[in-house]
Structures are given as C-alpha cells and as structure tokens.
Amino acid sequence: MNYRAAPGIVRDSIVSYLSAAESASLAEITQAVASRLGDVPASSVRSYLNLNTPELFERTSRGHYRLRIVDDHVAKSKPHPTYEIDRAKLVHANCFDWLRSREGRSVHAIVTDPPYGLVEYSAVEQSKLRKGRGGVWRIPPSFDGHQRAPLPRFTVLDEGDLQVMYDFFFEFGQLALRATVPGANIIIASNPLFDHVVASAMSAAGLEMRGSIIRLVMTMRGGDRPKNAHKEFTNVSVMPRSMFEPWIVLRHPLDGRAQDNLRKWKTGGFRRPSSERPFGDVIKSSPTPKVERQIAAHPSLKPQAFLRALVRAALPLGQGIILDPFAGSGSTLAAANAVGYESIGIEKDAEYVSMARRTMPQLSSLLIQKIDPIGA
Ligand SMILES: C[S@@+](CC[C@H](N)C(=O)[O-])C[C@H]1O[C@@H](n2cnc3c(N)ncnc32)[C@H](O)[C@@H]1O
C-alpha cells in the first residue's frame with residue numbers, strides 16, 4: 001500500500017492505534033503505523049502528531065502522545081438518548097461513537113450479533129427491506145409451508161467487501177479492547193463463510209482468540225445442487241448444508257493469573273451451569289420460535305433460550321456489565337434482564353430502538369425452558 005498516495009492513511013492509522021492505548025511514545029506509534037502500512041518514517045508520524053492535526057492528539061509528556069478525540073468528543077457531543085428497561089440501558093447511537101466516548105475498562109463482557117454485509121443495515125438497504133423490494137435481502141423459499149424471514153445475501157461478498165469487513169472489525173476490536181476490563185469475554189455471532197476474517201481482524205486489534213461457541217441450528221444456507229444444472233448433478237451440493245452458527249470467542253488479555261484477574265476485575269472465565277458441569281462450547285438451539293418473532297419482528301432476531309445460556313455464562317461470577325453494541329431488538333439485553341444481569345445496548349436505527357423499548361419486557365418475561373450447553 002502506498003501511504004504517500006493517501007496521506008490521511010497515516011493519520012487514521014495513528015488514531016486507530018491510539019484509540020486502544022492510554023498514551024504511547026513516538027517510537028511505539030511509529031512501529032504500530034509501520035506494522036499496518038509498511039515503512040513510514042518517524043518524522044512523518046511526528047509531523048502528524050505535532051503539526052498536522054493538533055485537534056486530534058495531545059502530548060502527555062516528552063515524546064508521548066494520546067488521542068484528544070476522547071475528551072473532545074464527550075465535551076462536544078450531545079448525550080445519546082438512553083432508555084432504562086429493568087436492569088438494562090438502551091442507547092440510541094452509533095456504537096463506534098459511543099465506544100469512543102465510553103470510559104475505558106468499564107464493560108465486563110460483550111455479547112453481540114453484528115451486521116455482516118456491512119450494508120444490510122444501512123438506511124438504503126433497510127428501506128428496501130421494509131418495502132419488500134430488491135437489495136441485499138432475499139426471501140428464502142417457503143419451507144414446510146412457512147414463509148421464512150428475509151436473509152442477507154452473504155455469498156455475494158467479494159475480496160473488496162472482505163477487506164472492508166476486516167477494517168470494520170479491526171476498528172471495532174480496538175474499541176472493544178479499550179472499553180473492556182482485562183479478562184472480559186467478547187462473543188460475536190458469525191458465519192462459517194467469514195468467521196476467519198472477523199477472528200483475524202479482532203486478534204490483530206489486540207484481543208486473544210479463545211475458540212468458538214457452536215449454536216447447533218439448522219440454517220437455510222447450503223445444501224443446494226449447482227444452479228441451472230441440478231438435474232445433471234443430482235448427487236452434488238455446492239456447499240455443505242449448514243447446521244451450525246459459530247459465535248467467535250475472544251478475550252481481553254488477562255491481568256496476571258486467572259485467579260488474580262477474577263479477584264480484581266470479576267472476569268477471566270465462564271460461569272458454570274452448575275458446580276458439577278463446566279460451560280460447554282456446543283449449545284443445542286433451534287430457529288427463533290414464532291412466539292418471539294411475533295413479539296419482535298427484527299430480521300436477525302436470536303432466540304432467548306440460546307441468548308440466556310450464553311449471556312449467563314459470559315460473566316464468570318455473575319457480576320458486571322454486559323454490552324451489546326449492535327442491539328437490534330434488544331434480545332441480548334432482554335436475556336440479561338431474564339438472568340438478572342446489568343446490561344447496556346447500543347442501536348443506531350430509530351425504528352429498532354422503538355421496537356426494543358416495546359418488546360424487551362415481553363421477551364425477558366417469556367417462560368422458556370432452560371437449555372444448558374452440552375457439557376462434560
Ligand atoms: C444483526 S442485527 C442484530 C439483531 C439482534 N441479534 C436481535 O436479536 O435483535 C445488527 C443490528 O446492529 C445495528 N447496527 C448496525 N451498525 C450499527 C452501529 N454502527 N451502531 C449501532 N448499531 C448498529 C443494526 O441496525 C441492526 O439492528
């Protein structure tokens with residue numbers, strides 16, 4: 001990549017590195033920028049810090065800098081509209097803005113289902129979905145006599161889309177690292193087609209990869225014969241029929257040993273379903289039940305039974321705050337309310353914020369048979 005062709009790249013790279021660090025030396029910043037962009041002279045980095053964008057950076061001591069954007073942002077921005085529903089707080093905001101202004105090390109776990117095509121939740125695509133016309137949302141064929149919910153078309157993502165996805169999750173990972181306490185679990189719904197992109201971007205941002213939780217569920221993906229040649233290749237499926245949904249598990253690196261971290265930060269593990277059984281990484285699930293879809297008509301609604309099992313396990317001592325930065329209908333917050341945890345959700349779309357305010361109490365009060373992860 002030729003950073004000289006696009007000078008803003010160096011500035012953006014410094015901003016993204018400093019958004020995860022309290023303060024850093026010129027040498028550390030230069031090294032971080034070089035690791036992303038190739039060889040960038042320290043003098044160029046210094047001039048960005050000192051001269052070019054004084055509104056973005058401030059010197060903390062000789063040769064050390066930090067991002068000024070954090071304080072300025074808090075001072076300049078209006079407070080985001082926030083609604084309290086039982087023990088949850090729902091914020092109408094863009095989560096990237098919210099995360100930048102959030103006090104560092106103040107969240108104990110993140111459980112979230114982010115947008116993936118990165119356009120499917122844009123205003124344009126949402127308006128097409130709401131009108132039922134075109135766009136990235138497709139209506140799968142009805143199945144067992146039931147009309148299926150619309151799904152985004154992920155198989156059309158090309159190399160450029162994957163790069164955009166990587167950059168999105170790299171930035172999100174840095175902000176997640178800054179907002180969470182050491183040992184915090186960061187659990188993200190994904191898809192077997194691109195979970196590697198999300199996992200590598202978030203690890204590059206400084207989070208530790210800790211495996212996946214498998215939600216065992218029959219999805220509508222894969223299993224089809226070759227298009228327009230299905231009669232010729234009757235015994236072929238182009239892709240395996242997908243029967244699981246991976247939820248990537250990452251961790252904010254520990255502060256000392258697991259036991260030290262648990263004492264100090266109340267994080268650094270998973271809560272067991274019972275003292276005899278550890279939390280397992282396979283959870284039997286089902287498509288979101290009709291009763292829940294009738295309460296909250298969000299196109300990506302996840303089921304309460306699964307979310308309650310996951311959210312409960314995410315705080316090892318049952319203490320702290322769960323964050324869902326892409327809250328949608330508020331289903332994660334509803335699950336947190338159902339298990340008695342504090343939570344914060346961020347949603348940028350006004351219609352989904354209204355939906356969540358209306359439907360969260362109904363979702364959290366549903367009586368649902370508890371599902372335990374398949375344990376040892
Ligand atoms: C995949 S959906 C999550 C739905 C959720 N699983 C549920 O059960 O309702 C992702 C949500 O993130 C929201 N979103 C997308 N980008 C966002 C951003 N930058 N900040 C906050 N919310 C965002 C979308 O409007 C959408 O509601």
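The values are calculated or read from the model by the stated rules, or taken from the named source; none is laboratory data. Since the structure is predicted, the reported quantities are computational estimates derived from the model, not experimental observations. For neighbour counting, all protein chains shown are included, and Cβ atoms are generated from backbone atoms with ideal geometry for every residue, glycine included. Accessible surface areas use protein heavy atoms only, side chains included; no ligands, DNA or RNA. Shrake-Rupley method; radii C 1.70, N 1.55, O 1.52, S 1.80 Å.
Side notes on the structure shown:
- Of all the listed residues (Lys290, Lys302), the sole one being over 14 Å from Ile85 (Cα atoms), away from the ligand (no atom under 13 Å from the Cβ) and open to solvent by 10 Å² or more (accessible area, probe 1.4 Å) is Lys290.
- For region 78-95, the tally of residues that are over 23 Å from Gly340 (Cα atoms) and either surrounded by fewer than 16 Cβ atoms within 10 Å (Cβ to Cβ) or among the acidic types (Asp, Glu) (or both) stands at 5.
- Among (1) surrounded by fewer than 20 Cβ atoms within 10 Å (Cβ to Cβ); (2) farther than 30 Å from Pro303 by Cα; (3) modelled with pLDDT under 90, the one test that Tyr65 misses: (1)
- You will find that of Leu310, Leu317, the residue that is under 28 Å from Gly206 (Cα atoms), in the same structural domain as Glu347 (by TED's automatic domain parsing) and open to solvent by less than 60 Å² (accessible area, probe 1.4 Å) is Leu310 and no other.
- Residues of region 261-275 include none that is within 14 Å of the ligand (Cβ to nearest atom), in contact (Cβ under 8 Å) with a residue 12 or more places away in the chain and in contact with a strand residue (DSSP E or B) (Cβ under 7 Å, 6 or more places away or on another chain).
- Annotation: Ser242 fulfils all but one of (1) among the hydroxyl-bearing types (Ser, Thr, Tyr); (2) touching a Lys or Arg at 6+ places or on another chain (Cβ under 8 Å); (3) closer than 26 Å to Ala20 by Cα; the unmet one is (3).
- Criterion violated by Cys95 - all others in (1) touching a strand residue (DSSP E or B) at 6+ places or on another chain (Cβ under 7 Å); (2) near the ligand (Cβ under 9 Å from one of its atoms); (3) at pLDDT below 95 satisfied: (3)
- Scanning region 315-363 for residues that are out of contact with any Leu (no Cβ under 8 Å at 6 or more places or on another chain), within 16 Å of the ligand (Cβ to nearest atom) and among the polar types (S, T, N, Q) turns up Asn337, Ser354, Thr359, Gln362.
- Selection of region 320-340 for residues being more than 18 Å from the chain's Cα centre (by Cα) and either under 18 Å from Ala305 (Cα atoms) or open to solvent by 30 Å² or more (accessible area, probe 1.4 Å) (or both) yields Asn337, Ala338, Val339, Gly340.
- The listed residue being at pLDDT below 70, in contact with a helix residue (DSSP H, G or I) (Cβ under 8 Å, 6 or more places away or on another chain) and small (Gly, Ala, Ser), out of Ala109, Ala149, Ala88: Ala149
- Some residue of region 346-357 being assigned by TED's automatic domain parsing to the domain that holds Arg102 and farther than 29 Å from Arg130 by Cβ: no
- Residue list for region 231-256, restricted to those being over 30 Å from Leu175 (Cα atoms) and surrounded by 12 or more Cβ atoms within 10 Å (Cβ to Cβ): Ser237, Val238, Met239, Arg241, Ser242, Met243
- Only listed residue being under 26 Å from Arg102 (Cβ atoms) and free of Cβ contacts under 8 Å to residues at least 24 places away in the same chain, chosen from Ser354, Ser329: Ser354
- Filter result for the condition that a residue is open to solvent by less than 20 Å² (accessible area, probe 1.4 Å) and either small (Gly, Ala, Ser) or touching a helix residue (DSSP H, G or I) at 6+ places or on another chain (Cβ under 7 Å) (or both), over Ser365, Ser343, Ser354: Ser343
- Flag for Thr359 being open to solvent by 10 Å² or more (accessible area, probe 1.4 Å) and at pLDDT 95 or above: no
- Filter result (modelled with pLDDT of 95 or more, charged (D, E, K, R) and open to solvent by 60 Å² or more (accessible area, probe 1.4 Å)) within region 209-224: Arg210
- Residue in region 233-245 that is among the aliphatic types (A, V, I, L, M) and under 21 Å from Leu323 (Cα atoms) present: no
- Residue selected from region 101-114 under the condition within 15 Å of Phe168 (Cβ to Cβ) and not in a strand (DSSP E or B), by the criterion least open to solvent (accessible area, probe 1.4 Å): Pro114
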